[in-house]
Amino acid sequence: MKEILELLQNDSRLTAEQIATMVNMEAAEVRARIKKLEENKTIIKYHTLINWEKAGEEIVTALIEVKVTPQREVGFDAVAERIYRFPEVRSVYLMSGAYDLAVIIEGRTMKEVALFVAMRLATIEYVLSTATHFILKKYKEEGVILEDKEEDRRLVVSP
């Protein structure tokens, strides 16, 4: 199962036949395992990574540090749930250290993101403070270098 998951994580476009060849299984068995992994929510979603800058789209991404007062019985979960339900929110992580939740949001402009933080996020009950960090440029995402400028350093071999 782990091999199938790793292959799909690296390239979700692989077919059951291609995976079967790589892991030395029958395609029908691979399809059955993938179906089971989808049903039990081990595979949650298939994802395409897009370099929006190259596509000519302006998308503003920000990391928001959120300090929260944990609630009795549920800790940080209730506040995190309230935050992750907003459509602007791409990711929410419980953190250790200087702040409690890391929230990744996207918007069309810095003003739109700032207003979301000021009007919707910072006003949630039990949110003590926020700190916004705008992501100015993405170099690597999801393990993929977005603009690889490394030149081919192999020596030319001639007869």
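Six or more apart or on different chains, Cβ atoms under 9 Å: show the pairs whose first residue is in segment 56-83 and more than 20 Å from Lys111 (Cβ to Cβ) and whose second is at pLDDT below 90 and among the polar types (S, T, N, Q).
If the second residue must be at pLDDT below 90 and among the polar types (S, T, N, Q), the pairs left are Asp77/Gln71; Ala78/Gln71; Val79/Gln71.
Being assigned to a loop (DSSP other than H, G, I, E, B), among the hydroxyl-bearing types (Ser, Thr, Tyr) and under 15 Å from His133 (Cβ atoms) is the filter here, so list the residues in segment 87-101 that pass it.
First, the residues of segment 87-101 that are assigned to a loop (DSSP other than H, G, I, E, B): 87-88, 95-100.
In the following step, the residues that additionally are among the hydroxyl-bearing types (Ser, Thr, Tyr) were identified as 96, 99.
Within segment 87-101, Tyr99 is the sole residue that qualifies.
Before we move on, is Phe134 surrounded by 13 or more Cβ atoms within 10 Å (Cβ to Cβ) and either touching a strand residue (DSSP E or B) at 6+ places or on another chain (Cβ under 8 Å) or at pLDDT 95 or above (or both)?
no
So how many residues does segment 94-116 have that are within 15 Å of the chain's Cα centre (by Cα) and either more than 14 Å from Ala62 (Cα to Cα) or not assigned by TED's automatic domain parsing to the domain that holds Leu128 (or both)?
Total satisfying the criteria: 1.
Looking only at segment 12-45, filter to residues that are in contact with a helix residue (DSSP H, G or I) (Cβ under 9 Å, 6 or more places away or on another chain), of a type outside the set (Ser, Thr, Tyr) and part of a loop (DSSP other than H, G, I, E, B); which one of those is surrounded by the fewest Cβ atoms within 10 Å (Cβ to Cβ)?
Selected residue: Ile44.
Restricting to segment 46-69, and then to whatever is assigned to a strand (DSSP E or B) and within 20 Å of Pro87 (Cβ to Cβ), can you tell me which residue is farthest from the chain's Cα centre (by Cα)?
Here is the first cut: in segment 46-69, the ones assigned to a strand (DSSP E or B) are 60-68.
From what is left, the residues that are within 20 Å of Pro87 (Cβ to Cβ) are 60-64, 66.
Values: Val60: 15, Thr61: 12, Ala62: 13, Leu63: 12, Ile64: 15, Val66: 18 Å.
Going through the qualifying residues, I end up with Val66.
Ala62 passes all but one of (1) small (Gly, Ala, Ser); (2) exposed (fewer than 12 other Cβ atoms within 10 Å of the Cβ); (3) in contact with a strand residue (DSSP E or B) (Cβ under 9 Å, 6 or more places away or on another chain); which number fails?
The failed condition is (2).
The values are calculated or read from the model by the stated rules, or taken from the named source; none is laboratory data. Keep in mind the model is a prediction, meaning the values are calculated, not measured. Don't worry about glycine lacking a Cβ; one is built from the backbone with ideal geometry, like all the others, and counts go over all protein chains shown.
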